[in-house]
Amino acid sequence: MTEKKPHVAVIGGGLVGALNACFLAKRNFKVDVYERRDDIRKAEHVKGRSINLALSTRGRTALRMVGLEEEVLKNGIPMHARMIHGVDGSRNPILYGKEDQYIMSVDRRRLNEVLLSAAEDNPNVTCYFEHKVVRCDFTTGEVEFINKEGKKVQNKVDLIVGNDGAFSAVRKEMMRATLLDFQQEYIPHGYMELTIPPSPKDEFQMEVNYLHIWPRNEYMMIALPNLDKSFTCTLFMPFDIFASIKTEEDLMRFFRDKFPDAIPLMGEETLKQIYMSSKPLPMVSIKCSPYHVKDKGVIMGDAAHAMVPFYGQGMNAGFEDCIVLDEMLDKYNNDFAKALPAYSEFRKVDDHAICDLAMYNYVEMRKSVNSKLFLMRKKLDNLLFTIFPSSWVPLYTMVAFTRTRYHECIEKRKHQDEILNKVLYIGGVILFGSLAVSVVQILNQNGVSIHSLKDHFTQLWEAYF
Ligand code: FAD
Ligand code: EGU
């Protein structure tokens with residue numbers, strides 16, 4: 001460890017970068033945050049479009065560690081259950097769990113603003129906006145940026161932290177510098193954000209404390225509440241279906257068929273206007289390894305593990321990354337040469353596991369999940385949880401409401417599946433056995449003996465073969 005304060009460049013002032021700056025500032029490092037975009041706190045408010053995220057235990061724990069949990073929760077809306085919307089307009093709630101098991105709907109932009117301001121409250125943190133990273137040298141620690149005037153500027157630091165999202169420039173530079181395995185996959189689905197505005201009386205148009213879901217196999221819509229009494233809906237469907245819905249008539253026909261109850265809530269005109277002026281956005285899943293180069297560079301958040309959003313864990317996993325790095329820096333007394341490989345090795349299995357879980361859930365949802373099936377599965381899972389609260393914890397409960405390592409969530413689930421299979425198998429054998437006994441008894445009562453039955457089948461057998 002060097003005597004002087006370590007100097008760190010955090011690349012990306014998004015959710016993970018801004019939080020990471022808070023963590024690193026607490027270690028008394030000198031932290032420079034470089035963000036490509038302009039300062040979102042200065043940008044004009046875009047009305048009627050607030051994009052929100054589900055914050056759960058892992059993300060909350062990280063916020064608590066930098067003293068921001070309360071401030072964030074103040075501006076969040078608790079969701080205690082999902083509300084499943086059927087095609088017939090039916091609505092069925094399914095609780096997440098006990099009273100204290102709920103997730104929070106938070107506004108992405110507001111959260112980012114709170115995190116940036118909290119980072120800058122530290123005298124040892126400076127944020128530079130409109131600075132785009134173009135080059136990293138992981139031997140010297142030199143980083144090159146293009147600023148707002150299009151000019152190249154440089155800095156030299158002890159550690160480069162890449163929190164620059166799914167299309168990370170830092171990761172690209174790492175791939176030139178080290179043997180980095182990399183895998184990426186686009187899914188055939190795109191997403192589009194729609195909105196359910198407040199009612200004319202300025203009230204929520206649906207039950208507020210829920211994650212609303214319209215499961216329709218290949219198509220799916222999700223809605224989370226906003227503080228302004230609107231809901232942000234996210235419509236997920238294959239790009240070719242988006243492309244086949246060309247006119248307003250196509251759109252209304254599609255919505256009347258799949259999401260009829262949402263039409264009056266969104267308003268036909270607003271729905272048409274938003275759909276016609278938007279493009280569906282892609283979703284990508286990215287896995288790579290390792291996450292570090294020597295003692296000079298590390299990537300975290302989406303830069304290290306972009307995932308499809310079907311577990312609501314992308315940000316939560318990125319926030320948990322910050323906790324894990326913090327713990328490694330503690331353990332190795334800020335010695336980057338030891339802490340970075342340890343972080344990489346420890347965290348890789350878990351980040352890969354949550355990428356897999358999210359992708360698996362995407363496949364599951366589109367394969368067979370309509371609203372009835374969704375309801376049944378969740379109810380069975382919850383029923384088993386009620387009967388065996390300590391040995392049967394549903395997968396989503398471990399993922400959303402505990403800090404059980406993601407890879408252990410998968411292992412535990414496999415164990416439960418084996419138990420369930422055994423129970424179903426034994427149950428099946430007992431059921432089939434008792435059925436056979438009943439059949440023989442009934443036949444006996446009707447004067448048919450088991451021996452004559454055997455003769456009968458023997459004759460049949462011989463007649464055919
Ligand atoms: P980003 O948020 O992408 O931030 C990266 C930052 O780096 C940006 O500000 C960018 O401008 C900057 N940057 C990029 N390149 C450069 C460069 N060269 N130089 C400087 N700066 C650069 N997660 C949840 O936990 N819960 C949810 O409910 C949820 N819902 C989601 C729904 C959808 C439809 C999608 C697509 C994702 C969802 N996620 C959710 C995932 C979540 O959005 C991401 O995991 C999270 O934003 C990752 O944060 P990040 O800071 O790593 O990356
Ligand atoms: C997707 C897009 C319900 C926000 C997964 C559940 C999501 C979110 C679920 C989006 C689903 C799916 C879980 C939470 C959450 C469920 C979860 C998904 C928030 C397994 C804004 N998912 N999401 N699972 O259990 O664990 O409620 O865009 F429809 S929160 Cl796909 Cl807990």
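Pick from PRO215, PRO198: which is assigned to a loop (DSSP other than H, G, I, E, B), touching a Ser or Thr at 6+ places or on another chain (Cβ under 9 Å) and either farther than 30 Å from PRO341 by Cβ or within 13 Å of ligand 2 (Cβ to nearest atom) (or both)? After ruling out the rest, the residue left standing is PRO198. Among the residues of the range 385-409, those that are at pLDDT 95 or above and among the aliphatic types (A, V, I, L, M) comprise MET398, VAL399, ALA400. Scanning the range 220-269 for residues that are closer than 22 Å to ASN370 by Cβ, touching a residue at least 40 places away in the same chain (Cβ under 8 Å) and within 16 Å of ligand 1 (Cβ to nearest atom) turns up MET220, MET221, LEU224, CYS233, THR234, LEU235, PHE236, MET237, PRO238, PHE239, PHE242. Of the helices (runs of 4 or more DSSP H) that lie entirely inside the range 343-452, those containing 2 or more residues that are more than 25 Å from the chain's Cα centre (by Cα) and not aliphatic (A, V, I, L, M) span 406-445. Considering (1) modelled with pLDDT of 95 or more; (2) surrounded by fewer than 19 Cβ atoms within 10 Å (Cβ to Cβ); (3) more than 16 Å from ligand 2 (Cβ to nearest atom); (4) not polar (S, T, N, Q), the lone condition that GLY48 does not fulfil carries the number (1). The set of residues from the range 224-254 being touching a helix residue (DSSP H, G or I) at 6+ places or on another chain (Cβ under 6 Å), part of a helix (DSSP H, G or I) and of a type outside the set (Asp, Glu) comprises just one member, LEU251. The C-beta contact set for the range 324-335 (first residue within 16 Å of ALA25 (Cα to Cα) and loosely packed, with under 14 Cβ neighbours inside 10 Å, second residue among the hydrophobic types (A, V, I, L, M, F, W, C) and at pLDDT below 95, distance under 7 angstrom, 6+ apart or interchain) comprises ASN333/MET1. Within the range 49-64, restricting attention to residues that are in a helix (DSSP H, G or I) and either within 13 Å of ligand 1 (Cβ to nearest atom) or in contact with a Phe, Trp or Tyr (Cβ under 9 Å, 6 or more places away or on another chain) (or both), the residue that is farthest from TYR396 (Cα to Cα) is LEU63.
In the range 10-33, of all residues being within 10 Å of ligand 1 (Cβ to nearest atom) and not in a helix (DSSP H, G or I), the one that is surrounded by the most Cβ atoms within 10 Å (Cβ to Cβ) corresponds to VAL10. Counted as qualifying within the range 65-105 are the strands (runs of 3 or more DSSP E) with 2 or more residues that are crowded, with 18+ Cβ neighbours inside 10 Å, namely 77-79, 81-85. Evaluating SER390 against the criteria (1) outside the structural domain of ILE323 (by TED's automatic domain parsing); (2) surrounded by 10 or more Cβ atoms within 10 Å (Cβ to Cβ) leaves one unmet condition, (2).
Here's a check for you: in the range 305-340, which residue that is of a type in the set (A, V, I, L, M, F, W, C) and more than 20 Å from LEU63 (Cα to Cα) is farthest from ligand 1 (Cβ to nearest atom)? Applying the filter and picking the extreme gives ALA337. On the stretch given as the range 141-177, residues that are on the phi < 0 side of the Ramachandran plot, within 12 Å of ligand 1 (Cβ to nearest atom) and outside any strand (DSSP E or B) total 11. With respect to being away from ligand 1 (no atom under 11 Å from the Cβ), surrounded by 16 or more Cβ atoms within 10 Å (Cβ to Cβ), not in a loop (DSSP other than H, G, I, E, B) and not assigned by TED's automatic domain parsing to the domain that holds CYS288, MET206 falls outside the description. Checking each residue in the range 172-191 for being in contact with a Phe, Trp or Tyr (Cβ under 7 Å, 6 or more places away or on another chain) and under 30 Å from SER278 (Cα atoms) picks out ILE187, PRO188, HIS189, GLY190, TYR191.
Quick grid of which residues meet (1) within 16 Å of ligand 2 (Cβ to nearest atom); (2) over 26 Å from MET220 (Cα atoms); (3) in contact with a Leu (Cβ under 6 Å, 6 or more places away or on another chain):
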{"site": "ILE77", "(1), (2), (3)": "yes, no, no"}
{"site": "GLY86", "(1), (2), (3)": "yes, no, no"}
{"site": "GLY89", "(1), (2), (3)": "no, no, no"}
{"site": "GLN101", "(1), (2), (3)": "yes, no, no"}
{"site": "GLU113", "(1), (2), (3)": "no, yes, no"}
{"site": "ALA119", "(1), (2), (3)": "no, yes, no"}
{"site": "ASN124", "(1), (2), (3)": "no, yes, no"}
{"site": "GLY141", "(1), (2), (3)": "no, yes, no"}
{"site": "LYS151", "(1), (2), (3)": "no, yes, no"}
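The values are calculated or read from the model by the stated rules, or taken from the named source; none is laboratory data. A quick note: this is a predicted structure, and the numbers were derived from the prediction, not measured. So basically every Cβ, Gly included, is an ideal-geometry build from the backbone, and we count neighbours across all protein chains shown.
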